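The values are calculated or read from the model by the stated rules, or taken from the named source; none is laboratory data. Note that the coordinates shown come from a computational prediction; the quantities given were computed from them, not determined experimentally. Here the Cβ positions follow ideal geometry from the backbone for every residue, glycine too, while neighbour counts run over all protein chains shown.
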Amino acid sequence: MKGTPARWARAEWGPLYAAVRAPLRRRRPPALPLTTAAVGLTAFLQYAQNRPWGYPLVQDLGAVRAGDPLWAALLRTPLSLFVPAPDLPVWGALAQILLVFGIAELCLGRWRTLAIAYAATLAGTLYARLGVTLGAHAPFGLPWTDAQVVDTGPSAAVVGLAVYVGWRYGAYATAGAVTLAMVVEVLLKENLAGKEHLAALTVVGLLCLLAALRDRPAAPRWPPAWPAHPPTTPPARP
């Protein structure tokens, strides 16, 4: 059984490692413009919202709550993706963005990475509104007090991208572990952030299903289609 962990690691992360290594070696840091911008914007917003001059500005432009009008929440959602929780250490969020956004950008491209991140964040935002409307006693409901809780920030996007990239490149155990960790988080500490993560994973799961259906090879036709007019045999030469 010697070498089994190494073989498992190659099977789990080998295709992902190859997909990351090629563009990173070819273009080096310029291969990650989206990730660089995301890390810088998140760091700046964290700095700003902990200053008297910046807190109201960040709240007005990037803080999304279920109690906000829908139009305001939709306008703030793109920026809310990069607004970390002000009461938590920002270094963890920056490390997650650097790692997960960086891998996703190298594997999927910047626009697909941004689209999946936004879809995951928007799923959490819309779920929070629905959950508060349903109420705390509904199966997927939320207490009315959660209407004034700020959404998750970059964490929903990070979770969604990690699962999508893991599925796309065959790292199924990694994608499953991330999903299981989010479920355990909700079971141990039932809060808005944990449920928004599950909403994000639900949408990402649908995206994975659509991508699988799109990439599925077409089934061969049976019986095979024959030409309408069989080829004629040229006459024999005398």
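Worth pointing out:
- Qualifying residue in segment 227-237 (condition: assigned to a helix (DSSP H, G or I), among the β-branched types (Val, Ile, Thr) and at pLDDT below 95): no
- Candidates are the residues of segment 163-219 that are touching a Leu at 6+ places or on another chain (Cβ under 8 Å) and among the charged types (D, E, K, R); the one that is nearest to Gln148 (Cα to Cα) is Lys195.
- Entirely in segment 47-166, the helices (runs of 4 or more DSSP H) that have 1 or more residues that are free of Cβ contacts under 8 Å to residues at least 12 places away in the same chain: 55-62, 70-80, 90-96, 110-134
- Check on Gly135, over 17 Å from Val100 (Cβ atoms) and either of a type in the set (S, T, N, Q) or out of contact with any helix residue (DSSP H, G or I) (no Cβ under 6 Å at 6 or more places or on another chain) (or both): yes
- Tyr127 being farther than 20 Å from Gly67 by Cα, surrounded by 13 or more Cβ atoms within 10 Å (Cβ to Cβ) and among the hydroxyl-bearing types (Ser, Thr, Tyr): no
- Residue that is surrounded by the fewest Cβ atoms within 10 Å (Cβ to Cβ) [pool: residues in segment 150-183 that are farther than 15 Å from Leu81 by Cβ and β-branched (Val, Ile, Thr)]: Val183
- Among the residues of segment 38-76, those that are polar (S, T, N, Q) and over 26 Å from Trp111 (Cβ atoms) comprise Gln49, Asn50, Gln59.
- For Leu161, the conditions (1) within 22 Å of Leu206 (Cα to Cα); (2) modelled with pLDDT under 95; (3) not aromatic (Phe, Trp, Tyr) all hold with the exception of (2).
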